[in-house]
Amino acid sequence: MSDIPRRRIARRRDIAARLPPGSTLAMAASKWSRSTPFHTRPQAKLLPRRDYFRAVRNRLKVFLFCSYLTSCRSWDGMERSRDEPDEQGPSTAERLAELRARLDAERRPGAGGVLPLGVADLDARLPGGGLGLGLLHEVAPEGAGDEASALGFVLALVARHLARAAGDALLVVAPGHPIPYGHGLTGLGLDPGRLLLLEAEADASVFGALEETLRAGHLAAVAGLVADGLPLKPGRRLQLAAGSFRTAPPLLLILRPGRADLPNGAATRWRIAAGGAARDRFGCTLRPRWRARLDRCRNGRPGDWLLEWDHAAHRFDLPDGVARRAPDARGSRAG
């Protein structure tokens, strides 16, 4: 111990001796005089430099060995995962390939089959020679009072398709549309026993019923009568549902009011007006006629025809072989 700490201890003891014995201050001073100065406390023993570096090297060896074992285990797990079959379903690449194939099939007109209408000039203006099956087709009345004519045209298309394909049809009707009855269906050549009629509360219910029916894939034709038009999103959902058919795709039709003209993805858009039915000598209706205007057609040409429906043969004809077409200057407009 150096001289400075010894002198400090002696000074503390001298101060404690001068205080009154038994007092609190004397007891504190006595304890203070017995304490060891900081400079006299023992210091931690330091390792020699050689031993220090040896300890660091040993710890580094342990760390590297543990890292090596961890990497070996992870590599074995990766090898086993490569050898084992994938049980999590199709990969991202497979799903993208399936979506591309579905889009390509949708863009190709007539890829899922077509429904020819039987009129050469009309079928020549449609891609593939008829209405594409599995595609969405929109029908609207030309003006006020043509709602029944537009409905008759839709039912005639359904009757023609059912005459060529097996299965039944579904008609979902929203409020505001006329309801077909048995004698009227028979007069159009449509068997009432092959038509399912469903009355819905609103357009959302119509779209939901059509989508579920298309995804089930058991009907040959589905048609919906909506009150507020066909928006883009429900039309796209119906198109995707119709494209999911594994067998023959169905005929998909939407009848909307004439005022509800909304942009959508329909393949064809028709405007139907009454054309004056052909009557017999007693004044009874012999064949219904419609003035059909193909307003827009994807990958096709628009036109205007006076069509006559033969309910016995389930085909359309041109009365007296005359057709009135739209000028070719309108060109081909995408629907």
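Each reported figure results from applying straightforward, stated rules to the coordinates on display, with no laboratory input. Not measured: the values here are computed from a predicted model. Please note: Cβ atoms are built from the backbone with ideal geometry, for glycine as well, and neighbour counts cover all protein chains shown.
Note the full-extension length gain between Arg13 and Leu286 as 0.36 nm times their separation in residues minus their Cα-Cα distance, in nm to one decimal. Intermediate values should be presented prior to the final figure.
Details: separation 273, 0.36 × 273 = 98.28 nm, distance 13.74 nm.
Separation in residues times 0.36 nm, less the Cα-Cα distance, equals 84.5 nm.
Explain nothing, just the number: dipole magnitude of the range 173-268 about its Cα centre with +1 on each Lys and Arg Cβ and -1 on each Asp and Glu Cβ, in debye rounded to the nearest 20.
Working: 8 positive and 8 negative charges, 68 e Å.
Dipole of the range 173-268, to the nearest 20 debye: 320 debye.
Give me, ordered by chain and number, the residues 5 or more places off Val139 or on other chains with an amide H under 5 Å from its own placed amide H.
Those qualifying (amide H under 5 Å, at least 5 residues apart or on another chain) are Ile254, Leu255, Arg256, Trp270.
Which whole-Hz couplings ³J(HN,Hα) result when phi for each residue of the range 173-178 is put into the Karplus expression 6.51 cos²θ - 1.76 cosθ + 1.60, θ = phi - 60°, listed in order with x for Gly and Pro?
Here the 3J(HN,Hα) series is 10, 8, x, x, 10, x Hz.
Where the centroid of each part is defined by its Cα atoms, how far is the range 250-269 from the range 193-232 in Å?
13
What nm value, rounded to one decimal, do you get for the distance between Ala163 and Leu240 when each label is placed 7 Å out toward the C-beta?
3.7
In nm, to one decimal, how far is the Ala313 label point from the Ala209 one, both placed 7 Å along Cα→Cβ?
In this crude spin-label approximation the distance works out to 3.5 nm.
Test of understanding: what is the full-extension gain from Glu94 to Ala202, defined as 0.36 nm times their sequence separation minus their Cα-Cα distance? Numbers along the way, then the final one.
On the way: separation 108, 0.36 × 108 = 38.88 nm, distance 3.81 nm.
My answer for the length gained is 35.1 nm.
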